[in-house]
Amino acid sequence: MRRTFALFSLAFASFAAALMAALLRPLPPKPVPPPQPVPQAATPGSLRLQALLERLYLPEDRTTSAYLQIDLAAAGEAAARPRVPVNAVLIIDRSGSMSGVKIARARDAARALVQVLGPDDRLGIVEFSSGASVLVRSTAVTRDVRAQALAAIERIEAAGGTNMSAAFDAAAPELARGRAAGRMDKVFLASDGQANEGIADREGLLRLARRDFVEATISTFGIGDDYDEDLMSALAAQAGGRARYIDSPQILAAAFRDELSRAAALVARGVRLRVTGASGSSINRVLGYEADGGWIRVPDFAAGEERRVLVKLSIPPGRGLADVATVELAFEDARGEEQRARTVAQATFTSDASLLALAPTEAAASGTRAEMAELADQAARLQEAGRRGEAQARVAALQRVAARPLSPASAKEIARAAAEYETDVGAIEGAGSAASKKLKQRVFDAVRAPVAGW
């Protein structure tokens, strides 16, 4: 009896010890959330860099596609600084395709630019048709020079072919003539973009612009309902400028003032980003920007401006908290000194369904807007070409993108934008190509324009 009791006591003690050990054993750690991204300042009063992933929790058992939102912000206010002098070259298309109202718009553009420049600025004017000639040699914009330039502009008449490559070659020496420390190089192109002589293909003209205007920002002014928005937008995008559709002379003065006001507080130029996948992640594509040798060229920054670059990542399965991408920033500050910064985007890999179901970050809404803009652009091109069924298919795809899970505030704004895109695409059928070009202008701005400070 005593032996049985002893055995029972021993068994109970073992059970109690095992139970206590189980109770005292630490619980499996919950997935560690990644820290909220912290802006990394490159230099005081210059650019801040921040990277944010679409989701902070990712599945640990499958590959995921996710947007990486890269925010760049320039500190300060434009009003606090004097305007930086500009070294401007205006290229005017006077080919036969510019006859009538279009050549009048080109003259309007030239007059508007001449009027907003001052004696600290330099200006050269090049005209082109089948060939190119220099109307005004690069010089300081004194009162006498302004009068001479305005008189030369009045004499411009439309005739001949469209040799844009000759214009670039003629403009390059004028840009070099006016270049100096402390001046911002700007090229303005007023054209319908219908190149048909010399180097006339899009890629060839882009290569030529890269060669001739290495350090310059190129802004384009598309003139006429039939202007080539693909070429004009690509030239601006490649060189960090803005593409505009000019359908009214009233907007020209404001457009040039906007261009020059950005020089009022230039804090960063030659801005470049490089995104490198980490933990096996890879780059699918960059929305709205082109990568050259792995670097993404971003427009120059004036004080107070903020820009956003979106990169689509493919992220393989992982474990725990991990880096998924590294972002490098390089630029030249207002003193002409090279600056660099670096930050990382992180996520936590987990199998916890409740964490995976959490609402996405702001990057999801940004990516949705960019995808919608791309689909709207495709729909506009198809609608303009009379391929209405395909255009409607793109609009339907746009609506599906807009229906993705987002925060309530973002979802409402996205739904409104989707409805506006659908209306704009439908208007092309009756309004013709002008409505299409206005929509494409909106798309360009949706992807590339600053999110603040413009």
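The values are calculated or read from the model by the stated rules, or taken from the named source; none is laboratory data. Small disclaimer: the values here were computed from a predicted structure and weren't measured. Cβ placement follows ideal geometry from the backbone for every residue including glycine, while neighbour counts extend to all protein chains displayed.
The criterion of at least 3 residues that are among the hydroxyl-bearing types (Ser, Thr, Tyr) is met by none of the helices (runs of 4 or more DSSP H) wholly inside segment 341-415.
Here residue 271 meets the list (1) surrounded by 19 or more Cβ atoms within 10 Å (Cβ to Cβ); (2) modelled with pLDDT of 85 or more; (3) outside the structural domain of residue 302 (by TED's automatic domain parsing) almost entirely, failing just condition (3). Looking across segment 208-246, just one residue is at positive phi and either under 19 Å from the mean Cα position of the chain (by Cα) or surrounded by fewer than 20 Cβ atoms within 10 Å (Cβ to Cβ) (or both), and that is 240. Residue pairs whose Cβ atoms lie under 6 Å apart, separated by 6 or more positions or on different chains, with the first residue in segment 274-300 and touching a residue at least 40 places away in the same chain (Cβ under 8 Å) and the second loosely packed, with under 14 Cβ neighbours inside 10 Å and β-branched (Val, Ile, Thr), do not occur.
Residues checked against (1) in a helix (DSSP H, G or I); (2) under 29 Å from the mean Cα position of the chain (by Cα); (3) at pLDDT 95 or above:
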position: 152; (1), (2), (3): yes, no, no
position: 157; (1), (2), (3): no, no, no
position: 171; (1), (2), (3): yes, yes, yes
position: 174; (1), (2), (3): yes, yes, yes
position: 181; (1), (2), (3): no, yes, no
position: 186; (1), (2), (3): no, yes, no
position: 190; (1), (2), (3): no, yes, no
position: 194; (1), (2), (3): no, yes, no
position: 197; (1), (2), (3): no, no, no
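Annotation: of all residues in segment 299-326 being not acidic (Asp, Glu) and not in a strand (DSSP E or B), the one that is nearest to residue 233 (Cα to Cα) is 299. In this structure, residue 126 does not qualify as touching a residue at least 60 places away in the same chain (Cβ under 8 Å) and closer than 17 Å to residue 232 by Cβ.
So in segment 343-363, with the set limited to residues that are surrounded by fewer than 21 Cβ atoms within 10 Å (Cβ to Cβ) and of a type in the set (A, V, I, L, M, F, W, C), which one is nearest to the chain's Cα centre (by Cα)? Here the residue is 344. With respect to the conditions (1) in contact with a Phe, Trp or Tyr (Cβ under 9 Å, 6 or more places away or on another chain); (2) surrounded by 22 or more Cβ atoms within 10 Å (Cβ to Cβ); (3) under 22 Å from residue 112 (Cα atoms), residue 255 lacks only one, and its number is (2).
Yes or no: residue 311 touching a Ser or Thr at 6+ places or on another chain (Cβ under 6 Å), among the hydrophobic types (A, V, I, L, M, F, W, C), surrounded by 19 or more Cβ atoms within 10 Å (Cβ to Cβ) and in contact (Cβ under 8 Å) with a residue 60 or more places away in the chain?
Numbers: touching a Ser or Thr at 6+ places or on another chain (Cβ under 6 Å): no; among the hydrophobic types (A, V, I, L, M, F, W, C): yes; surrounded by 19 or more Cβ atoms within 10 Å (Cβ to Cβ): yes; in contact (Cβ under 8 Å) with a residue 60 or more places away in the chain: yes.
Judged against the criteria, residue 311 is not a match.
Among the residues of segment 381-438, write down those that are within 24 Å of the chain's Cα centre (by Cα) and charged (D, E, K, R). Scanning segment 381-438 gives 381, 394, 400, 404, 412, 413, 416, 420, 422, 424, 437, 438.
Evaluate the following for residue 226: is it of a type in the set (Asp, Glu) and either within 23 Å of residue 84 (Cα to Cα) or touching a strand residue (DSSP E or B) at 6+ places or on another chain (Cβ under 8 Å) (or both)? Break it down stepwise before answering.
Working: of a type in the set (Asp, Glu): yes; either within 23 Å of residue 84 (Cα to Cα) or touching a strand residue (DSSP E or B) at 6+ places or on another chain (Cβ under 8 Å) (or both): no.
Answer is no for this residue.
A residue that is over 18 Å from residue 252 (Cα atoms), among the small types (Gly, Ala, Ser) and not in a strand (DSSP E or B) occurs nowhere in segment 106-113.
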